[in-house]
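Asker: Structure in structure tokens, see below.
What follows draws every value from the coordinates through simple rules; no lab data is involved. Quick caveat: nothing in here was measured; it's all calculated off a predicted structure. Note that each Cβ is placed from the backbone with ideal geometry, even for glycine, and that neighbours are counted across all protein chains shown.
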Amino acid sequence: MINAFRIARRELRGGLKGFRVFLACLALGVAAIAAVGSIASSVIAGLEEDGAILLGGDAALRMTHRDISPAERTWLEKSADVSRVVYLRSMARSDRTGKRSLVEMKMVDNAYPLFGALETSPAAPPTDLFAKRGGVWGAIADTALLKRLGIEIGGRVIIGDAVYEIRGTIDREPDRVSGARALQLGPRFMASAASVSDSKLVQPGSQVWYFYRIRLNDRDNLAAWKTDLDTSFPDAQWVVRDRGNASPVIKRFIDRTTLFMTLVGLTALLVGGVGVSNAVRDFLTGKMQTIATLKCIGASSGLIFGAYLIQVMAMALLGIAIGLLIGGLAPALLADLLRDALPLVARIGVYAQPLIVATAFGILTALAFSIWPIARACDLPAAGLFRDSIARFRGVPRWPFVVATVILLAALAVLAIETAFSRVVAIYFVAGSAVAMGLFAIAGILIARAAKLAGSVGGTGMRLALANLHRPGAPTGSVVMSLGLGLTVLVTVALIESNLGRQITKSLPERAPGYFFIDIQNDQVADFEKTVSEVAGFREMRRTPMLRGRVTRLNGETAKSENVAENGRWILRGDRGVTWARELPEGETIVAGDWWPVDYTGPQLVSLSANSAAALGLGIGDTITINILGRNVTGEIANLRDVRWGTLRMNFLFMFSPGVLENAPQTHLATVHADPEREAGIETAVAAAFPNVTTIRVRDVLETVNGFLGKLGLAIRMTAGIAIIAGTLVLAGAVAAGHRRRVYDSVVLKVLGATRRRIMGTLLLEYGLLGVITALIASVIGSFAAWAVVTKVMKFDFSFDPLAVVAAALIAIVVTLALGFYGTWRALGQKAAPLLRNE
Amino acid sequence: MKDDNGIREPMVLLDGVELKLDSEAGSVNILKGINLEIAAGETVSVVGPSGSGKTSMMMLIGGLERQTGGRVQVAGHDLSTLDEDGLARFRRDNVGIVFQNFHLVPTMNAVENVAIPVELAGMDNAFDRARAALSSVGLEHRLSHYPGQLSGGEQQRVALARAIVAEPRLILADEPTGNLDGGTGDSVIELLFSLRAEHGATLILITHNPALAEQCGRVIDLQDGLIGSDRVVA
């Protein structure tokens, strides 16, 4: 072992020559994984430390559509400070400009905020900002609302029947993430909860949420307080959340984003692994004479293996260290970006856990991909090493090395799965990567064999090109692998993006209505329908009753997240829209069971969307209990519907038969189709006649969703970029490895009378063939991966976009050709003599 | 070789040829004004101490190097008027070269190495000709071997086959036996002369071996970049 170290130390004096791609590959992959982990850790640390600020209290109780009872409130105030916040969605109108905007209303009491500070411009205490002066309530809002309405601070807005004076704009709302809905469709509007009654917005069945934030007198006693709450009110319908889990939405978002980006980082590392393997093989090719000499003077294979493994791992540690440095500093480097992008304050720092994980990935990758070529070089007989370099690294090393490689690759897979937020996704990723790498390895072999079989097809150029693909020592395998993996990522991303874009720009507007109107009261329905249908440009209206409820029991058993499939847990997490109907809504189809008769009056029946029924493990004849306005309504599942969410129609997971819900306090939801150029008239007419009705412009929703998808697309592109850079690096490395020999070959051909055009033509054919075949295979694998992500993860319909694939494939071919040409052209323009002399 | 007026043109004409190469230590005058005429069909050996400019002169004649002064005319072509591709075509049509280090393409087997010049020249039956050429150098049993699988003598015989396969008018051989043992070297030289005679090509042979030099019809002795002597072998 000492000898191995001694030899390694002496050899390392030669410096980093030949290890640049090796270092870059490892550093890039490790940096990506370390950066993603470090950023996630700093955000999660912020989430945990600021839990009470983000939640607005040590604990928060959420009630849907109805308030808590005075007795419950008294109980809460017994051991804590309590702040009540009411969330609604409504329309705000400027009394001066007449412009309107949907607003996300947050109506607070004097105790707000219990934690953190509300920052406004101008700065003032909330009580001053919200006080009623001269019959007018004070309010603050996002600057976006002021812009939309064309007003300044001091301007007035009318919401429902109440008039508000805008006294400031919101700079930072400490608990913004803890609202009633994850997706905000309009700017925030904040005012006193006491003004809600003036607005007359809250009617029976209105879409309103009541939040009770608690600051415990004994803040360390949270767990006991929660137990006490559960014991005191076992049947309460509130959803309780505490500071330890302040924002599950953000936490889930971070976890999912981290998972996705870590997997991309891992892809970069895997692609880099190919580069590591290539670099080690090229390094050893240059060391053949040394290895032969060492063997001749008595060094054992084991000693040589040790000496070169030490050298390679020393370089690997350097690459990993560079990656850790970049990754570890990422939160600090991106501090400004994080501050602007996140609703919370990330705790910038160096976090050990993600760095340890990244180090483990780096070491395992370096080992897994370098043992094979080192073992091969050391297994060759000394005499053979003195001969020419071809055919040196073919074949399989001795079995212990094969076993070691397999164990290391398995360890890499286990680490990827165990450290992932979602094991299922990680397992798919590992399996997908293994299959993709296997396919490209096979493809490399098949391309070489096919080239050999084709033999002397075509002219000299084609023959030389084909021959270059199957020569001993040809880089066909590593080029196909690196180009293939990089291109697979590119095709996958291109197709995902094209599908995301298509969802918004192509499929939705054709079928989507112009407006959604919510909170139409029962007694307004007739007038509303009349008003809307009389507006010029009106085409069609659909209306349905709308209630909200929480699933409480499945087949009589308490509904628990852990008892249902992962993709069904969101259904149990909060309130879901519920309706009742006599007839099957147009455009929906029954996939199991039968729709009830129009005049059905029997026991309560319920219709579920087929997908959610499957996710909840329910079928025809099972029962589901939904708590609506405090009352448990149980129905037997009569049929399952195929619900198409992408249509933006009124889609409901749960539809009850007429009966109980018919008489429950309810509002109505309507969709209206109108001529696009005249649809604004409908909005004006509704706003004038029904100030309590909230208008949602589908175009505004699409813009919001588009903005989100745009950011998502950017994140996908950026992270995929890392994997593609890694692929290009490896490809460049693979091409560069054979470059010197290629230039020499080209010069010899030139000596024999080949023109540059002819030599470049051969290169063009060779790399063109490689590029085209690899692009074809990568297109198939990439399309499959994109299909899986779009249909299984994003739950959209998949549409194959040949243009996106062709564009990605063309890029790959151009890159391959450019790299293949790099340097050769210049070398060919120079005199042959110096190269021939030096040989 | 005759021009349009029926006047016999030399195969090689060097007229005041100079070659100055720049190096880190300053520029070096390698050839200092060479005047030389070699007729078609002649066999000429070039001798002289190391560094006297023998290889440089051969590189100039083969269009692998460009003179810095004077004129180089080979097989009727003024090489200074040709660009790199023009020089490549000139070699393809006129010259066969044998190097001391063989310079075979390591990733091509013997028959492929030999077939290239024929293919480049656009002649028919490249592989048949290559096999015939390899057979003429006694390597018909090594057709599919790669250079790394051949001995030095075998590699040089492949190089020899490659040099003559396209039937060039000029064969340049730069110490073709320099890397071979005596016996092997002798057999390679024997082959070189017999093949040359068979094809009637002009041969320029660089060698350090006086006995080998004397086998040619003419011996040119280069000394420090100038022709020291130029004599016909009796």
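Asker: Give the calculated FRET efficiency between A:Glu586 and A:Lys530 to the nearest 0.05, with a Förster radius of 22 Å applied to their Cβ-Cβ distance.
Answerer: Calculated value: 0.50.
Asker: Using amide H atoms built 1.01 Å from N in the peptide plane, name the residues 5+ places from B:Ile97, or on other chains, whose amide H lies under 5 Å from its own.
Answerer: B:Leu172
Asker: Sticking with this structure for a sec: Averaging sequence separations of C-alpha pairs under 8 Å and six or more residues apart, then dividing by the length of chain A, give the relative contact order as a whole percent.
Answerer: 17 percent
Asker: Another question, if that's okay. Give A:Lys106/A:Lys530; A:Lys251/A:Lys560; A:Lys106/A:Lys251; A:Lys287/A:Lys452; A:Lys226/A:Lys792; A:Lys750/B:Lys20 a once-over and call out the pairs whose C-alpha atoms are over 26 Å from each other.
Answerer: A:Lys106/A:Lys530; A:Lys287/A:Lys452; A:Lys226/A:Lys792
Asker: Could you check the simple spin-label distance between B:Ala211 and B:Val28, using points 7 Å along Cα→Cβ, in nm with one decimal?
Answerer: 3.1 nm
Asker: Considering only DSSP beta bridges whose two residues both sit in the range A:52-245, what percent are antiparallel, to the nearest 5?
Answerer: 80 percent
Asker: Stretch A:Arg172-A:Val814 to full length: gain in nm at 0.36 nm per residue minus the Cα-Cα span?
Answerer: Computed gain between A:Arg172 and A:Val814 is 226.3 nm.
Asker: Ranked highest first by average number of other Cβ atoms within 10 Å, how do A:352-360, A:25-33, B:163-171 line up?
Answerer: A:25-33, B:163-171, A:352-360
Asker: Please give the calculated 222 nm ellipticity per residue for the protein assembly as shown, where each DSSP H segment of at least 4 residues contributes -39500 (n - 2.57) and the sum is spread over every residue; nearest 500 deg cm²/dmol?
Answerer: -16000 deg cm²/dmol
Asker: Under a point spin-label approximation (7 Å from Cα along Cα-to-Cβ), what is the A:Ala124-B:Asn35 distance to one decimal in nm?
Answerer: 10.7 nm
Asker: Can you give me the long-range amide H partners of A:Val591? Hydrogens built in the peptide plane at 1.01 Å from N, cutoff under 5 Å, separation of 5 or more residues or another chain.
Answerer: Long-range HN contacts for A:Val591: A:Leu640, A:Arg641, A:Asp642.
Asker: To the nearest 0.05, what FRET efficiency results for B:Asn179 and A:Arg256 with a Förster distance of 60 Å applied to their C-beta separation?
Answerer: The calculated FRET efficiency here is 0.35.
Asker: Hey, another quick one. Which percentage, to the nearest 5, of the DSSP beta bridges contained in the protein assembly as shown is antiparallel?
Answerer: 75 percent
Asker: Using 0.36 nm per residue of separation minus the Cα-Cα distance, give me the extension gain between A:Arg569 and A:Asp161 in nm, one decimal.
Answerer: Separation in residues times 0.36 nm, less the Cα-Cα distance, equals 143.0 nm.
Asker: Another question about this same structure. Report the calculated FRET efficiency for A:Ala431 and A:Arg20 (r = Cβ-Cβ distance, R0 = 30 Å), to the nearest 0.05.
Answerer: It comes to 0.40.
Asker: Could you line up A:Ile68, B:Ile30 from fewest to most neighbouring Cβ atoms inside 10 Å?
Answerer: Exposure proxy ranking, most exposed first: A:Ile68, B:Ile30.
Asker: For peptide B:161-168, compute the average count of partner chain beta-carbon atoms within 10 Å of each residue's beta-carbon.
Answerer: Taking all residues of B:161-168 together, the mean is 1.
Asker: Which loop GluC sites (Glu not before Pro) in the range A:531-603, with loop taken from DSSP, have no more than 12 other Cβ atoms within 10 angstrom of their Cβ?
Answerer: A:Glu534, A:Glu583, A:Glu586
Asker: A follow-up question, please. Could you sort A:119-131, B:129-141 so that the peptide with the highest average Cβ count within 10 Å comes first and the rest follow in order?
Answerer: B:129-141, A:119-131
Asker: What's the exposure ranking of B:Thr81, A:Thr531, going from fewest to most Cβ atoms within 10 Å?
Answerer: The most exposed by this proxy come first: B:Thr81, A:Thr531.
Asker: What relative contact order, as a whole-number percentage, does chain B give when Cα pairs under 8 Å and 6 or more residues apart are counted?
Answerer: Relative contact order of chain B: 26 percent.
Asker: If each residue of separation counts as 0.36 nm, what is the full-extension length gain between A:Arg553 and A:Gln203 once their alpha-carbon separation is subtracted?
Answerer: Additional length available on full extension: 123.2 nm.
Asker: State, as an integer percentage, the relative contact order of the range A:160-267 based on alpha-carbon contacts under 8 Å between residues 6 or more apart.
Answerer: 37 percent
Asker: Which value in Å is the Kirkwood Rh of the protein assembly as shown over different Cα pairs?
Answerer: Radius from the Kirkwood sum: 35.5 Å.
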